[in-house]
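A short worksheet on the structure shown next.
The values are calculated or read from the model by the stated rules, or taken from the named source; none is laboratory data. The structure displayed is predicted, hence computed values, not measured ones. Backbone-built Cβ (ideal geometry, glycine too); neighbour counts: all protein chains shown. Ligands, DNA and RNA are excluded from the accessible area calculation, which covers all protein heavy atoms including side chains. Shrake-Rupley method; radii C 1.70, N 1.55, O 1.52, S 1.80 Å.
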Amino acid sequence: MKRRKLKKFVLPSIYGLVVFCVFLTVYFLNNSLNFKAPQVDDNNHSVTVNVDNKENSDITVISPTPEKPIIPFTKDGVTISKSFYKQEDTEELQQKSLIYYQNTYMQNTGVLYSSDEQFEVLASVDGVVKEIKDDEILGSVVTIEYNTNVTVIYYSLSEVKVTKGMNVKTNDIIGLSGSNSLENEKQNCLLFEVYINGTLVNPIDFFEMNLEDLNK
């Protein structure tokens, strides 16, 4: 039987067809795995990356939680004995926010913390110690300025561990809890006040504020 020989142009044509098929395969694979540009949501502080694949899934990347002021102690057993007085509260809550001293009731201008045991008082935010003084009713007082808009005051300290003009960082020890002349209070107390733009603010609300916003 006589064998047929392939013509010279047949083999190059086959090789070319194979290369072309490989090129098409790579091209369509690349398009199917294409990523879209990340979308940034300024309001929600998150980044979403859309992935075009067979499942058409979304990957959400959450940015770090904004930094907030801290409660000025870490010891267990410290409780709120008097809350911040608010005009919009019910009469019952307002009565619980009154401070009694020498037959006189006064509206509490901060949060009064109490404990059976002495506790360390911590810097709630970074700042500069603007003033240190003694109050005949509320004991030693330390005033710290976070910025020109925010001032934090610590009352009823038995011992002060900072000096005027000192730069303090969040969690630094300001002093130790102490006593005051208010009736029906425990031996270890801390009255914590916050001023924002010269106005008293409920410290409980302050602890939930974003420090970046307070810098504006």
Discussion item. Against the definition (more than 23 Å from ASN108 (Cβ to Cβ) and in contact with a Lys or Arg (Cβ under 9 Å, 6 or more places away or on another chain)), how does VAL129 come out, yes or no?
Written reply: yes
Worksheet item: So THR60 fits all but one of (1) open to solvent by 60 Å² or more (accessible area, probe 1.4 Å); (2) assigned to a strand (DSSP E or B); (3) of a type in the set (Val, Ile, Thr); (4) modelled with pLDDT of 90 or more; what number is the exception?
Response: (4)
Response to the item:
In the range 109-120, anything surrounded by 23 or more Cβ atoms within 10 Å (Cβ to Cβ) and not hydroxyl-bearing (Ser, Thr, Tyr) is listed as GLY110, VAL111, LEU112
Worksheet entry | Filtered residues of the range 130-165 (kept if in contact with a Leu (Cβ under 8 Å, 6 or more places away or on another chain) and without any contact (Cβ under 8 Å) to a residue 24 or more places away in the chain) | VAL141, GLU159, LYS161
Fill in: Residues within the range 76-129 that are out of contact with any strand residue (DSSP E or B) (no Cβ under 8 Å at 6 or more places or on another chain), charged (D, E, K, R) and free of Cβ contacts under 8 Å to residues at least 24 places away in the same chain, tallied
5
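If a residue must be small (Gly, Ala, Ser) and either in contact with a Lys or Arg (Cβ under 7 Å, 6 or more places away or on another chain) or open to solvent by 60 Å² or more (accessible area, probe 1.4 Å) (or both), how many such residues does the range 174-197 contain?
Residues meeting the conditions: 2.
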Item to complete: Considering only the range 169-188, state which residues are farther than 13 Å from ILE153 by Cβ, modelled with pLDDT of 95 or more and of a type in the set (A, V, I, L, M, F, W, C).
Response: ILE173, LEU176
Item to complete: Just give me the residues in the range 121-173 being part of a strand (DSSP E or B), open to solvent by less than 50 Å² (accessible area, probe 1.4 Å), of a type outside the set (Val, Ile, Thr) and within 21 Å of LYS68 (Cα to Cα), in sequence order.
Response: LEU122, GLY127, TYR154
